[in-house]
Amino acid sequence: MKNNGLLFITLAIVALGFSVYAVKTSHDLRTENAALLEKLSGADQEANEEYELAKAMFYMQWHSGKLWFAGKNQNWELAAFYAHEVEETIEEIEEAQVEEDGHDISTLVHTMTLPFLEQVEEAIEKKDVVVFESAYKNLVQSCNACHQVTGKPFIKITIPEVPFPGNQDFTKD
Ligand code: HEC
């Protein structure tokens, strides 16, 4: 009887220990799952915004680069198309209310880049290649000015020299 009592107590302690362990493990798992879900759902703001901004910048570089060759070739219809693409990306950044390292990217992109893009658009409307070139240079400077202000001075945009991606004809028909 005495032995049985001891066995019972031992078993009870083991069972209690196990259930405490099980509860703790499932709690850890739940916490891990919640963190993962938060990340996947985009509630993990910082990582999400960083990703989106780099993607938007990629589009800006891609379309603004093509814009140069369209304008240089006085292919105004194509130039207007690419200017519009750049504008759409700017609007997207504005609406996304992007903040990075304490910089209000959405406000900056509106005040720093949009006025220069509008100058490029005016040149396209007037079909004036000289004005287009100088407006485009200002646009590129505004890209770099913002990279400087936002602590990314190592991202230096230039006037593209070689048409890309190499399988597109930028000349007017
Ligand atoms: C309002 C500020 C701002 C303006 C204006 C701006 N950028 Fe950026 N750009 C940034 C920031 C901030 C990053 C870094 C993004 C990151 O950390 O993910 C960046 C990153 C980049 C990158 C690196 C990403 C890549 O795909 O290689 C390129 C290229 C780029 N910008 C091109 C441009 C071009 C072209 C323009 C102008 C047409 C421009 N940017 C205008 C703030 C700006």
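The values are calculated or read from the model by the stated rules, or taken from the named source; none is laboratory data. These numbers come from a predicted model, not from an experiment. Here the Cβ positions follow ideal geometry from the backbone for every residue, glycine too, while neighbour counts run over all protein chains shown.
Within segment 130-159, which residues are in contact (Cβ under 8 Å) with a residue 40 or more places away in the chain and closer than 14 Å to Trp68 by Cβ?
Result: Phe132, Glu133, Tyr136, Leu139, Val140, Cys143, Ile157, Ile159.
If I filter segment 160-173 down to residues being more than 25 Å from the chain's Cα centre (by Cα) and without any contact (Cβ under 8 Å) to a residue 40 or more places away in the chain, which single residue comes out as farthest from His103 (Cα to Cα)?
Here the residue is Asp173.
Any residue in segment 52-69 that is in a helix (DSSP H, G or I), out of contact with any helix residue (DSSP H, G or I) (no Cβ under 7 Å at 6 or more places or on another chain), away from the ligand (no atom under 11 Å from the Cβ) and at pLDDT 90 or above?
yes
Check Glu100, Glu118, Glu133, Glu95 and return the single one that is closer than 21 Å to Ala56 by Cβ and over 13 Å from the mean Cα position of the chain (by Cα).
Glu118
From the residues in segment 96-136 that are under 25 Å from Glu77 (Cβ atoms) and exposed (fewer than 15 other Cβ atoms within 10 Å of the Cβ), which one is nearest to the ligand (Cβ to nearest atom)?
The extreme case among them is Pro115.
Among the residues of segment 65-89, how many are surrounded by 19 or more Cβ atoms within 10 Å (Cβ to Cβ) and under 16 Å from the mean Cα position of the chain (by Cα)?
Total meeting the criteria: 2.
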